[in-house]
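To keep things clear, I will list the structure first and then write my remarks on it.
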Amino acid sequence: MPEVTTRYEPGVPCWVDLMVPDQQAALDFYRDLFGWQGEIGPPETGGYSVCTLHGRPVAGIMAAMSPEGGPTPPPAWTMYLASEDVEAGTQAVMDNGGTVMVPGMDVMDLGRMAVAADPAGAVFGLWQAKEFTGSQIVNEHGAVVWSELNTSDLEGAGSFYRHLGIHTSTMEGAPGYYALNVAGRAVGGMQGLENSPPGTPPHWMTYFAIDDPDSTVDALIRADGSVLVPPFDMMAGRMAVVQDPQGATFALIRPVPPGNA
């Protein structure tokens, strides 16, 4: 079982959470799809749900809330980069053309968070761990296995995320696809929007590992989810792009075993 027992290095995707109008419906959907356990949290946490897999935190789900005078955000998964200092991170965002959407704030004694957008508009979070380090299960069925930036400005994104500890490199055998590296290790990927439907805005895509993408897609359809890209084989494995019943987009992948790529 790929358990994470140490703190994430700065720049590494360390957590994902989902914001949706109907929190309980999402909890039920992902329980049935991935085997997660979770319940609506106490009022002091805004009802935030920490979902677990094998008893360990794997992702969060919360109810969408309208900012003062603004519309309710659309359903979406948000990826968080580990940060040693959220204030320094948000300053780097602003200094390099990004936008801070939610300034740094404490989450009880768990950590400190912020939400930002890069210069092209892709939204992501920053997480400065205290008591809570992030996902404790990764790279196995029902857990996050990959984070991918889809952007309209590859060069600009490479420059921007460098200030957050991420360095880009070409990926052998995948023309037009780039690895996002921290300390010399690939922790995510980046590509242009050429393969996305016209009008798709820049975004981060969360990939969940799955043992059988085809049967999982069938289960998702029966649960009123939608398929954007049916299962297909590619160099990293067999994958699909889907939406949950409330419209949040994510990817499923059965990764190629190490050494078989």
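Identify, please: which residue in the stretch 241-261 is free of Cβ contacts under 8 Å to residues at least 60 places away in the same chain, of a type outside the set (A, V, I, L, M) and outside any loop (DSSP other than H, G, I, E, B) and is, among those, surrounded by the most Cβ atoms within 10 Å (Cβ to Cβ)?
My answer is Arg254.
Looking at Leu220, Leu180, can you tell me which residue is part of a helix (DSSP H, G or I) and either crowded, with 20+ Cβ neighbours inside 10 Å or in contact (Cβ under 8 Å) with a residue 40 or more places away in the chain (or both)? Talk me through it step by step, then tell me what you get.
Working: Leu180 fails: part of a helix (DSSP H, G or I).
One residue alone meets the criteria, Leu220.
Inspect all residues belonging to the stretch 126-138 and state whether any of them is open to solvent by less than 70 Å² (accessible area, probe 1.4 Å), charged (D, E, K, R), out of contact with any Cys (no Cβ under 6 Å at 6 or more places or on another chain) and outside any helix (DSSP H, G or I).
Checked the stretch 126-138: no residue is open to solvent by less than 70 Å² (accessible area, probe 1.4 Å), charged (D, E, K, R), out of contact with any Cys (no Cβ under 6 Å at 6 or more places or on another chain) and outside any helix (DSSP H, G or I).
How many of the residues in the stretch 139-154 are assigned to a loop (DSSP other than H, G, I, E, B) and open to solvent by less than 60 Å² (accessible area, probe 1.4 Å)?
The qualifying residues number 4.
Taking the stretch 102-120, which residues are open to solvent by 40 Å² or more (accessible area, probe 1.4 Å) and within 21 Å of Met190 (Cβ to Cβ)?
Pro119
Taking the stated definitions as given, is Arg238 open to solvent by 40 Å² or more (accessible area, probe 1.4 Å), modelled with pLDDT of 95 or more, under 30 Å from Leu27 (Cα atoms) and more than 18 Å from the chain's Cα centre (by Cα)?
Against the criterion (open to solvent by 40 Å² or more (accessible area, probe 1.4 Å), modelled with pLDDT of 95 or more, under 30 Å from Leu27 (Cα atoms) and more than 18 Å from the chain's Cα centre (by Cα)), Arg238 qualifies.
Which numbered condition in (1) among the hydrophobic types (A, V, I, L, M, F, W, C); (2) modelled with pLDDT under 95; (3) open to solvent by less than 50 Å² (accessible area, probe 1.4 Å) is the only one that Ala157 fails?
Of (1) among the hydrophobic types (A, V, I, L, M, F, W, C); (2) modelled with pLDDT under 95; (3) open to solvent by less than 50 Å² (accessible area, probe 1.4 Å), only one is false for Ala157: (2).
Need the failing condition index for Leu193 against (1) hydrophobic (A, V, I, L, M, F, W, C); (2) over 24 Å from Pro75 (Cβ atoms); (3) part of a loop (DSSP other than H, G, I, E, B), just the number.
Evaluating Leu193 over (1) hydrophobic (A, V, I, L, M, F, W, C); (2) over 24 Å from Pro75 (Cβ atoms); (3) part of a loop (DSSP other than H, G, I, E, B) leaves (2) as the failure.
The values are calculated or read from the model by the stated rules, or taken from the named source; none is laboratory data. All figures in this text were calculated on a predicted structure; none of them were measured in a lab. A quick note on method: Cβ atoms are made from the backbone with ideal geometry, for glycine too, and the neighbour counts reach across all protein chains shown. Calculation scope for accessible area: heavy atoms of the full protein, side chains included, ligands and nucleic acids excluded. Shrake-Rupley method; radii C 1.70, N 1.55, O 1.52, S 1.80 Å.
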